[in-house]
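Worksheet for the structure shown next.
None of the figures in this text is laboratory data; all of them are computed from the coordinates on show. None of these values were measured; they are calculated from a predicted model. All Cβ positions, glycine included, derive from the backbone under ideal geometry; neighbour counts span all protein chains shown.
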Amino acid sequence: MTSDTDTTNSTGERPATATTSRRGRRDVEVPMRLYKTITVFSTLIAVVTVVAGFFLLDAATLQVSFLRALIAGALGAIGLSVPTGVLSTVLAVVGLLVIGFGAGIYTLATRFRAEGMGKSQEDADEDSDNG
């Protein structure tokens with residue numbers, strides 16, 4: 001749904017518009033300032049969550065991990081005794097979910113384009129001359 005008219009909102013910026021490519025991928029065209037904000041924060045969130053997920057996986061597989069000792073100590077302080085196998089499984093599953101969440105955030109952020117950006121390579125109508 002793209003608009004051919006040059007409408008602006010009260011801040012003087014054009015509203016976001018969505019375009020759908022032939023493969024069903026939906027790109028959202030936003031003002032440059034919003035594009036930069038989305039790019040910075042989505043990348044930051046993705047990197048932090050992926051690193052945190054790997055820390056959790058490390059704690060799940062390494063029995064002498066500082067994070068694992070901290071979690072086991074916190075659970076022991078509130079009176080919960082968790083078997084080692086259960087704690088490893090929970091840490092591994094949570095670690096994989098956190099990594100998946102970071103990847104999902106990054107993937108969703110790639111849907112945004114700034115005004116004036118060219119088409120993505122898969123949408124381009126140009127033929128490749130790479131042989």
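Scan the range 99-110 for residues that are farther than 14 Å from residue 41 by Cα and exposed (fewer than 13 other Cβ atoms within 10 Å of the Cβ) and the total you get is 0. For the range 41-72, the tally of residues that are in contact with a Lys or Arg (Cβ under 9 Å, 6 or more places away or on another chain) and part of a helix (DSSP H, G or I) stands at 3.
Here is the figure for the range 74-92: residues that are assigned to a helix (DSSP H, G or I) and surrounded by 13 or more Cβ atoms within 10 Å (Cβ to Cβ) total 6.
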